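J.: Once you've had a glance at the structure underneath, I'll fire off some questions.
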Amino acid sequence: MFQTKIFAVSSQGLPILSYVFGSTGPVALILGGVHGDEPEGNYIALGLLKKWMQNFPYKLKVYLVPSFNIEGSLTAQRANANQVDLNRNLPTKNWTSQFKKERYHPGPKACSEAENKHLVEWINNNPVKLILSLHSWNPMINTNGNCLPEASIMAKAIGYKLTDDIGYPTPGSLGDYCGLERDIPVITYEAERGESIKQALNKHVPAIEKALFETEKRS
């Protein structure tokens, strides 16, 4: 059994849905579609949704959000409708209004976007033990905080590089906000850009499913 809830509302008033599986055990959050031009994250999240609708095998409570940036996903663009990169807009200590490329626009101020206001409120109100953020770019498993047990399983299963350094500063990102500043481990799962739906489902869904058994051990 699972519940469908409105997790957040977008800047233009669109509902952002979450699917809640389980009722006991550690709380995990899985976000797909943070960047609307990275559909692989959506595919993977929907693949997990399909599997778990048939069988949810964990002693966990998982909030699965297949398309966090619903506006970007609908228009196939990185940012939301306000042209803000949601993964540069969170209220981190290192947030800055400066940006080198328009695609990384952090917004007029930290947490200016409705999507992130809801996300921050949810994080403050839930005892989340692990966050998995599904992206696509240069294939890697990027860690922020204490998430090596799960991240190592994922990296080994798909043959990806495991690293705590994505290669450039990410002020206002989820990894910085939760993983580095709040001791809430964040795994940024960078699938290979351009993979087909079939490839994404067959490769990444089993790796994530296997790793989440480690999350049951978190207290």
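The values are calculated or read from the model by the stated rules, or taken from the named source; none is laboratory data. Everything numeric in this text was worked out from a predicted model, so none of it was measured. FYI the Cβ positions are ideal-geometry reconstructions off the backbone, even for glycines, and counts take in every protein chain you see. Each accessible area value is taken on the protein alone, full model and side chains, heavy atoms only, with ligands, DNA and RNA left out. Shrake-Rupley method; radii C 1.70, N 1.55, O 1.52, S 1.80 Å.
J.: Kindly list, by first and then second residue, each pair from a residue in region 181-200 that is of a type in the set (Gly, Ala, Ser) to a residue that is open to solvent by less than 20 Å² (accessible area, probe 1.4 Å) and at pLDDT below 95, limited to pairs with Cβ atoms under 7 Å and residues at least 6 apart or on different chains.
T.: Close Cβ pairs satisfying both conditions: Ala191/Ala200.
J.: State all residues of region 171-219 that are among the aliphatic types (A, V, I, L, M), out of contact with any Asp or Glu (no Cβ under 8 Å at 6 or more places or on another chain) and either within 19 Å of Ile158 (Cβ to Cβ) or buried (at least 19 other Cβ atoms within 10 Å of the Cβ) (or both); if no residue qualifies, say none.
T.: Leu174, Ile184, Val186, Ile197, Leu201, Val205, Ala207, Ile208
J.: Here is a check on your reading of the model: is Glu150 in a helix (DSSP H, G or I) and in contact (Cβ under 8 Å) with a residue 40 or more places away in the chain?
T.: yes
J.: Hey, Leu130 hits all of (1) at pLDDT below 95; (2) among the hydrophobic types (A, V, I, L, M, F, W, C); (3) in a strand (DSSP E or B) but one; which does it fall short on?
T.: Here Leu130 clears every test but (1).
J.: Within region 187-206, how many residues turn out to be of a type in the set (A, V, I, L, M, F, W, C) and within 14 Å of Cys147 (Cβ to Cβ)?
T.: Residues meeting the conditions: 1.
J.: Next question. If you take the residues of region 9-66 that are assigned to a loop (DSSP other than H, G, I, E, B) and among the β-branched types (Val, Ile, Thr), which of them is surrounded by the most Cβ atoms within 10 Å (Cβ to Cβ)?
T.: Checking each candidate, the answer is Val34.
J.: Return the only residue of Pro108, Pro91 being of a type outside the set (A, V, I, L, M), free of Cβ contacts under 8 Å to residues at least 24 places away in the same chain and either in a loop (DSSP other than H, G, I, E, B) or open to solvent by less than 10 Å² (accessible area, probe 1.4 Å) (or both).
T.: None of the others qualify; the one that does is Pro108.
J.: In region 134-151, which residue that is farther than 17 Å from Ile184 by Cα and among the polar types (S, T, N, Q) is least open to solvent (accessible area, probe 1.4 Å)?
T.: Among those residues, the one meeting the criterion is Ser136.
J.: Keeping to region 197-219, report how many residues are of a type in the set (Lys, Arg) and assigned to a helix (DSSP H, G or I).
T.: 3
J.: Return yes or no: is Ile141 touching a helix residue (DSSP H, G or I) at 6+ places or on another chain (Cβ under 8 Å), in a strand (DSSP E or B) and touching a residue at least 40 places away in the same chain (Cβ under 8 Å)?
T.: Here the answer is yes, as Ile141 does meet what is asked.
J.: So, one more: Considering only region 157-169, state which residues are of a type in the set (Val, Ile, Thr) and either surrounded by 21 or more Cβ atoms within 10 Å (Cβ to Cβ) or assigned to a helix (DSSP H, G or I) (or both).
T.: Of everything in region 157-169, just one residue is of a type in the set (Val, Ile, Thr) and either surrounded by 21 or more Cβ atoms within 10 Å (Cβ to Cβ) or assigned to a helix (DSSP H, G or I) (or both), namely Ile158.
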